[in-house]
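The values are calculated or read from the model by the stated rules, or taken from the named source; none is laboratory data. Treat the numbers as computed from the prediction; the structure is a model and nothing was measured. Using ideal geometry, Cβ is built from the backbone for each residue, glycine included, and neighbour counts are taken over all protein chains shown. Just the protein is used for accessible areas: all its heavy atoms, side chains included, with ligands, DNA and RNA removed. Shrake-Rupley method; radii C 1.70, N 1.55, O 1.52, S 1.80 Å.
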Amino acid sequence: MFIPLLFLLVSASANDTTYYAVLRSALRLADHEYSYVPYQNLANTCDRIMAVCEGEWLPVYYRAYAYVHMAYMTKDEERKDVLLDESQASADAAQELHPEESEIQLVHALICYGRMEINPMFRATIYFPKAKAALERARELNPENPRIYYLEGETALYKPAFMGGGAQAALPMLEQALRYFRDFSPPHDLYPHWGLESTQALYEKCKEIIQEE
């Protein structure tokens with residue numbers, strides 16, 4: 001079962017971290033098609049990498065990332081919680097490996113948002129403060145991380161106006177996210193890079209809503 005992975009690890013470029021070529025391929029498939037199977041493949045790939053490359057935070061992070069997105073794609077609430085449990089376990093493990101990485105905090109926030117999809121009237125009181133705390137911690141670690149402001153803008157857009165939400169509240173957050181995306185320079189091509197297209201779409205949606213008001 002591990003022979004193909006080991007072969008790819010051995011044959012990866014000498015200038016590349018050993019597991020990058022394997023993870024890059026699985027991540028490219030997930031980026032290309034937002035559906036359950038590519039993300040399950042990404043999670044499985046991370047499991048295999050973690051078995052032979054201990055102590056590396058990226059495969060652990062991407063396992064958490066894969067499972068939280070599989071949870072978002074799942075309608076069955078019991079199954080959704082199971083997938084979020086898997087994501088949480090990996091996010092916690094990634095944080096132990098790299099406690100100063102802001103991207104891991106964003107996965108914690110995504111997990112909390114996923115939990116709130118199940119019985120939101122009850123769970124929002126528990127998980128919304130946790131999501132907010134994760135975003136604040138991410139800001140402390142890297143205030144120029146564009147994904148912080150994307151998630152805050154998305155939250156603000158769908159928050160009721162009487163609670164301070166709506167398009168007018170979300171627009172400046174999304175504008176800030178786009179500015180940081182423009183200046184964002186990842187250390188390598190496997191560093192987390194998600195969110196730009198979603199930010200652009202939400203930004204345009206906010207402008208349309210404001211024009212119609």
message = Being modelled with pLDDT of 95 or more, open to solvent by 60 Å² or more (accessible area, probe 1.4 Å), among the aliphatic types (A, V, I, L, M) and in a helix (DSSP H, G or I) is true for just one of 37, 60. Which residue is that?
response = 37
message = Name the residue that is farthest from the chain's Cα centre (by Cα), counting only residues in the range 63-94 that are in a helix (DSSP H, G or I) and of a type in the set (Lys, Arg).
response = 79
inquiry  = Being free of Cβ contacts under 8 Å to residues at least 12 places away in the same chain and within 13 Å of the chain's Cα centre (by Cα) is the filter here; which residues of the range 192-213 pass it?
reply    = 193
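Residues checked against (1) within 26 Å of residue 145 (Cα to Cα); (2) not polar (S, T, N, Q):
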{"position": "31", "(1), (2)": "yes, yes"}
{"position": "49", "(1), (2)": "no, yes"}
{"position": "66", "(1), (2)": "yes, yes"}
{"position": "72", "(1), (2)": "yes, yes"}
{"position": "80", "(1), (2)": "no, yes"}
{"position": "92", "(1), (2)": "yes, yes"}
{"position": "102", "(1), (2)": "yes, no"}
remark   = Within the range 67-93, the count of residues that are open to solvent by less than 10 Å² (accessible area, probe 1.4 Å) and under 15 Å from residue 105 (Cα atoms) comes to 5
query = Scanning for something out of contact with any helix residue (DSSP H, G or I) (no Cβ under 8 Å at 6 or more places or on another chain), in contact (Cβ under 8 Å) with a residue 60 or more places away in the chain and not in a loop (DSSP other than H, G, I, E, B), does the range 18-30 turn up at least one residue?
reply = yes
ask   = Can we say residue 139 is under 18 Å from residue 20 (Cα atoms) and not hydroxyl-bearing (Ser, Thr, Tyr)?
value = no
